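Below: the structure, in structure tokens.
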Amino acid sequence: MSTTQQPSPQPPLAPHEYWQGVSPPGTFATPSAGYSGFYPAELPDGRQLQLPIRVLPGDGTAAVASLILNQASFALEDALSAVVADLISPFAPDIVIGVPTLGLPLANNVARRLGHSRMVALGTSRKFWYRDELGEPLASITSPGGGKTIYLDPRMLPLLEGRRIIVIDDVVSTGSSMAAVLRLLAKAGIAPLAVAVAMLQGDSWRDRLAPFEVPVLGAIASPRLHRVDDNRWLPADPPPP
């Protein structure tokens with residue numbers, strides 16, 4: 001009689017070791033008692049990524065799985081970029097727009113995979129030639145205080161007018177920052193075909209982005225988490241529709 005071998009429990013990585021590799025399918029089990037230290041996100045082919053669990057500001061009962069793309073290995077960036085490129089290829093985009101800061105390396109990598117010669121980067125540093133009407137206040141889950149503005153360089157408008165466009169960012173979580181990006185593009189008369197990200201984080205972004213009626217695609221997904229005890233976390237989100 002044969003028995004099915006379950007993956008052995010894996011200890012959390014040291015802080016600098018996260019986002020450096022991709023593990024084979026089935027490396028990490030899905031614990032019924034809760035996640036401890038990290039969340040194993042899965043690529044479409046079943047390969048797994050260890051994402052550290054970060055406690056959100058507040059009463060310490062809520063957390064998310066974290067992805068900091070500019071601290072990731074090139075191999076991990078390539079793995080995520082390949083999936084994003086596959087997701088958006090059916091839209092036949094002419095150009096991709098990258099959202100700063102952490103969406104820019106992903107957008108660059110994806111644009112190259114699609115055979116594009118360049119991508120268009122939005123910015124949060126105001127240059128003297130920028131125009132106020134091409135700016136929008138910005139906030140995100142990792143920068144709850146806000147205070148930033150996202151800008152579209154007016155010199156880039158000829159690259160975008162009448163083109164098939166995809167917006168690329170690293171993570172969509174609450175949807176606040178992506179909503180600001182979509183409002184900014186609407187000011188310029190730009191309606192992207194889709195939004196593509198490395199990670200869909202939780203589910204609360206759905207209601208905020210629904211009015212824009214744009215598909216939102218992700219290479220991986222992770223749930224919001226709630227605390228079970230000092231060392232364990234369980235998903236707080238309902239499963240996506």
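Tabulated data for the structure shown
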item	result
All positions within the stretch 146-182 that are more than 27 Å from V83 (Cβ to Cβ) and either part of a strand (DSSP E or B) or touching a residue at least 60 places away in the same chain (Cβ under 8 Å) (or both)	G146, G147, K148, T149, Y151
Qualifying position, being modelled with pLDDT of 95 or more and either over 19 Å from the mean Cα position of the chain (by Cα) or among the hydroxyl-bearing types (S, T, Y) (or both), among S125, S140, S117	S117
Test: L182 is out of contact with any Lys or Arg (no Cβ under 7 Å at 6 or more places or on another chain), of a type in the set (A, V, I, L, M, F, W, C) and farther than 22 Å from P211 by Cα	no
Some residue of the stretch 107-122 being closer than 29 Å to L234 by Cα and assigned to a loop (DSSP other than H, G, I, E, B)	no
Among the residues listed as T149, T174, T124, T101, the single one being surrounded by fewer than 20 Cβ atoms within 10 Å (Cβ to Cβ) and in contact with an Asp or Glu (Cβ under 7 Å, 6 or more places away or on another chain)	T149
Residues satisfying the stated conditions in the stretch 215-241, i.e. surrounded by fewer than 18 Cβ atoms within 10 Å (Cβ to Cβ) and part of a loop (DSSP other than H, G, I, E, B)	P215, V228, D229, D230, N231, R232, A236, D237, P238, P239, P240, P241
Test: residue in the stretch 213-229 that is under 22 Å from T101 (Cβ atoms), among the hydroxyl-bearing types (S, T, Y) and more than 19 Å from the chain's Cα centre (by Cα)	no
G46 being under 16 Å from S222 (Cα atoms) and in a loop (DSSP other than H, G, I, E, B)	yes
Unique match (being closer than 28 Å to P24 by Cβ, buried (at least 22 other Cβ atoms within 10 Å of the Cβ), at pLDDT 95 or above and touching a strand residue (DSSP E or B) at 6+ places or on another chain (Cβ under 9 Å)) among V110, V96	V110
Unmet requirement for E77, which otherwise passes all of (1) among the charged types (D, E, K, R); (2) modelled with pLDDT under 95; (3) surrounded by 14 or more Cβ atoms within 10 Å (Cβ to Cβ)	(2)
Residue among Y18, Y35 that is modelled with pLDDT under 95 and either out of contact with any Lys or Arg (no Cβ under 8 Å at 6 or more places or on another chain) or not aromatic (F, W, Y) (or both)	Y18
Number of the condition not met by G145 [criteria: (1) modelled with pLDDT under 80; (2) within 30 Å of A79 (Cβ to Cβ)]	(2)
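The values are calculated or read from the model by the stated rules, or taken from the named source; none is laboratory data. Everything quoted here is computed from the prediction, not taken from an experiment. Don't worry about glycine lacking a Cβ; one is built from the backbone with ideal geometry, like all the others, and counts go over all protein chains shown.
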